[in-house]
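Down below is the structure, laid out as structure tokens.
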Amino acid sequence: MTRVLTKRDVEMANQEFHRRFADRYDEDNQHIGGPNFQRVHDDIHSALGNRPAGRLVDLGTGTGFMLRVCQDLCSELIGVDFTAEISRLVPEDLHARVLIENTERTSIEPASADLITAYSFLHHLFDLEPTLREAHRILRPGGALYAGMDPNKRFWDFLKTHQDARGNPIIERESRVVTRIEKVMEDEAGIEPEITAAAEYQKIVLGGFEPAALQQRLEAVGFVDVRVRHDWFFGEAFARSELGDAVADGIARHLSACLPATSHLFKYLTVFARKPC
Ligand SMILES: C[S@@+](CC[C@H](N)C(=O)[O-])C[C@H]1O[C@@H](n2cnc3c(N)ncnc32)[C@H](O)[C@@H]1O
């Protein structure tokens, strides 16, 4: 019988996973560099209304990906992460303040941040609500919230029903992160499957986020102008390398235009929201 996980299990698994994976984190995660960096930078620029901002608070900062993305957009950078071993890898030349704290209860002053980010982070939480409430508390009225690279439950469900196409490199590649990630982490980093599963609780145990339900959860804690964007269509990395960026951009635009019918073809969700003035 599978054991029911508690909040403490999920938090301890996160610290264990990221402590052991810290030194390999940047080289193993493609979102850190390449075209994704510019894509996220453009997102933040537009979330800020194309104006420079003051304080950024990045929740679940890890090695500081979002701090790097925002360094030319925000004058003050704060990262929050409860795993000291990964946060020590935030580059010193960013002059960021890194708080080794739980994102549910930070020491940050209320209504002090212009921007809150959470990249590849929300699905690591046992429960979203306390962290979303904390984000709402520290954001100034009118400030922006941005959360990216969280799993779309519809894609995860869809891919689980298509495990029959072995030998198809596109499906193989997608399956690697969707249905086989625990095995991959065990083989490549020696991390036990139950630790990986608990660390990515909302993704591996609960199966990802329903787009409409995610929007409602943000609205329920008081965010407004909530928009959930679908990102990374099925096989997009393959399409970009084989067909080129112009064709891949066209496919993305077309599939987005066919939403919600094509929701299951997008791997990740990106959230834009605002605290009311
Ligand atoms: C997948 S990493 C994401 C790192 C970074 N945002 C990025 O995009 O590369 C998730 C991070 O969240 C941290 N984390 C998980 N739950 C947390 C919590 N409740 N409070 C603070 N940090 C947490 C982990 O320690 C880990 O460094």
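Please arrange 100, 78 by how many other C-beta atoms lie within 10 Å of their C-beta, fewest to most.
Least to most surrounded, the residues fall as 100, 78.
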With +1 on the Cβ of every Lys and Arg and -1 on the Cβ of every Asp and Glu, the dipole magnitude of the range 6-131 about its Cα centre, in debye rounded to the nearest 20, is 60
Sorting 71, 276, 123 by the position of each Cα along the dipole of the chain (Lys, Arg +1; Asp, Glu -1; all at Cβ), the one nearest the positive end of that ordering is 276
Any chance you could run the full-extension gain for residue 160 through residue 41? It's 0.36 nm times the residue separation minus the Cα-Cα distance, nm to one decimal. 39.7 nm
Starting with the fewest neighbours, write out 139, 243, 99 ranked by other beta-carbon atoms found within 10 Å of each beta-carbon. 243, 99, 139
Relative contact order %, the range 1-96, counting alpha carbon pairs below 8 Å whose residues are six or more apart: 28
When the chain is fully extended, how far beyond the present Cα-Cα distance does residue 168 get from residue 256, taking 0.36 nm per residue of separation? 29.2 nm
How long are the three semi-axes of the equivalent ellipsoid for the chain, computed from the Cα gyration tensor as the root of 5 times each eigenvalue, in whole Å, largest first? 28, 23, 19
Hey, fewest Cβ within 10 Å first, where do 31, 95, 162, 230 land in order? 95, 162, 31, 230
Based on Cα coordinates alone, diagonalise the gyration tensor for the range 65-153, multiply each eigenvalue by 5, take square roots, and list the semi-axes in whole Å, largest first. 19, 17, 14
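All of the numbers you see were taken from the coordinates with simple rules; none came from a lab. This is a predicted model, so every value here is computed, not measured. Positions of Cβ are generated from backbone atoms using ideal geometry, with glycine treated the same way; all protein chains shown enter the neighbour counts.
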